[in-house]
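Laboratory data are not the source of any read-out in this text; all were calculated from the coordinates shown. These figures come from a predicted structure and were not determined experimentally. Cβ atoms come from the backbone with ideal geometry, glycine included; neighbour counts cover every protein chain shown.
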Amino acid sequence: MVDEEARGPGRPRSERARQAVLAAALALAAEAGPAGLTMEAIARRAGVSKETLYRWWHSKIEVVLDAMVDRGQQTVPLPDTGTLAGDLRAFLHATADSLDLGTARLLQSLAAAAAADEDTAIAIRDRFLAARRAALGQLLQRAAGRGEIDPGRAGLALDFVYGSLWYRLIFRVGPVDHQWADDVAAAIAAM
């Protein structure tokens, strides 16, 4: 299968190679953290050349962020239960279930990298966080269309979900589990 969107001139990107690169980046980042990750190691683990890797991505952080977006789309689907509370519960349960130890450590490392470097923070915001916010935003827009939430509060609801998630991930004040998911869903549904 060939991806029609190549990042530049030349041959189109192979979807099989792309998936191998994304899987390699996540596995290596979970093992060594983003700081211990290199483009050479990603290429070697994925079985592609470094030239191929650099043709598609400019840095290891871009590869990791694309891998995280891809993983988020696969592991946290956009539910449609017919109610805001049900959709939020399903979305947040899937979010909690997707946070294994390696993923949690990777997200903590990304947060630390963002705090230390503005360019990294911008890349994380624009490549990863924007995609996850857009997914939840669709769920909230549907709820607004059904009259279950004021459209003006959808942005606040996004901040509430992701603010509480990152607060728990970074400062470890509580788990990101099904109880967290149920409490956040109930609080937003009551807005």
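Just a few scattered comments:
- Computed lengthening from residue 81 to residue 160, 0.36 nm per intervening residue step minus Cα-Cα distance: 26.3 nm
- Estimated from the Cβ-Cβ distance and a Förster radius of 25 angstrom, the FRET efficiency linking residue 153 and residue 111 is about 0.45.
- Where the Cα pairs of the chain fall when distances are cut into 5 Å bins, in %: 1, 8, 15, 19, 17, 14, 11, 8, 5, 2, 0
- Taking other residues whose beta carbon is less than 13 angstrom from the beta carbon of residue 120, and scoring Lys, Arg as +1 and Asp, Glu as -1, yields -2.
- The charge dipole of the chain, taken about its Cα centre with unit charges on the Cβ atoms of Lys, Arg (+1), Asp and Glu (-1) only, comes to about 400 debye.
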